């Protein structure tokens with residue numbers, strides 16, 4: 001009764017469509033979860049996201065949960081996640097995507113889920129890593145541990161949002177490193193990020209892991 005009273009005065013809104021959530025709903029309404037534009041890429045090795053990395057870095061499989069369109073519901077979710085303190089958005093999306101990835105033969109035998117790290121300066125400013133919240137949801141549904149200690153960002157590169165394809169690639173050239181005292185060698189890693197556009201950030205991150213003889217899989221919330 002108390003919850004119902006507070007929901008009446010301060011209604012909880014869907015992070016996608018901003019309609020009032022039912023008492024049984026959490027963060028994103030059922031209608032949006034059913035109608036958001038899923039890609040189905042996790043079932044198809046010849047998908048466009050996977051092809052981005054062909055000839056660039058040895059990524060075994062890559063997929064994204066949703067297609068991104070400007071002004072659409074997925075963009076609103078990502079904006080809420082990255083800029084409006086909506087850390088819970090990443091976790092709920094990861095939870096749902098994890099259940100789908102478990103049905104794919106291409107996402108088996110994963111040792112660790114590793115979110116693309118933020119530099120400590122940006123992490124301090126934002127308060128959380130949006131990719132890490134997505135990774136937490138994936139971890140819960142896939143039953144795979146997260147590793148957020150071994151991979152780190154050496155350089156606080158500028159935002160990628162308004163950069164050209166080449167500038168994005170140039171901006172993330174050699175900015176990731178691995179804690180030498182830890183051993184990721186020969187592991188199967190699910191590398192996760194919020195959005196894949198040109199693939200420059202994932203490429204730079206994956207290169208570090210490939211040098212350790214890791215098998216690298218990639219999952220993102222959306223592709224643009």
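Every read-out reported here was derived from the displayed coordinates using simple, explicitly stated rules and does not represent laboratory data. Note that the coordinates shown come from a computational prediction; the quantities given were computed from them, not determined experimentally. No Cβ is skipped: glycine too gets one built from the backbone with ideal geometry, and neighbour counts run over all protein chains shown.
Packing around the peptides 214-223, 91-100, taken as the average count of other Cβ atoms within 10 Å per residue, puts them in this order, highest first: 214-223, 91-100. The stretch between residue 212 and residue 96, if pulled fully straight at 0.36 nm per residue, gains 38.7 nm over its current Cα-Cα span. Extension gain for the segment residue 13 to residue 38, taken as residue separation times 0.36 nm less the Cα-Cα distance, is 6.8 nm to one decimal. Extending 7 Å from Cα along the Cβ direction at residue 121 and again at residue 24 yields two label points whose distance is 4.9 nm.
Counting only DSSP beta bridges whose two residues both lie in the chain, roughly 25 percent are antiparallel. This structure gives volume of the Cα convex hull per residue in Å³, computed directly, and of [x] 134; [y] 183; [z] 123 that value is listed as [x]. Summed over qualifying helices (DSSP H, 4 residues or more, each -39500 (n - 2.57)) and divided by its residue number, the chain shows a 222 nm mean residue ellipticity of -10500 deg cm²/dmol. Which shape class, rounded, prolate or oblate, goes with region 58-129 when its Cα gyration tensor gives a ≥ b ≥ c as root eigenvalues, a/c under 1.5 marks rounded, and past that a/b bigger than b/c marks prolate? Judged from the Cα gyration tensor, region 58-129 comes out oblate (a/c at least 1.5, b/c at or above a/b).
Counted residue by residue at 0.36 nm each, then reduced by the alpha carbon distance between them, the extension gain from residue 84 to residue 58 reaches 5.9 nm.
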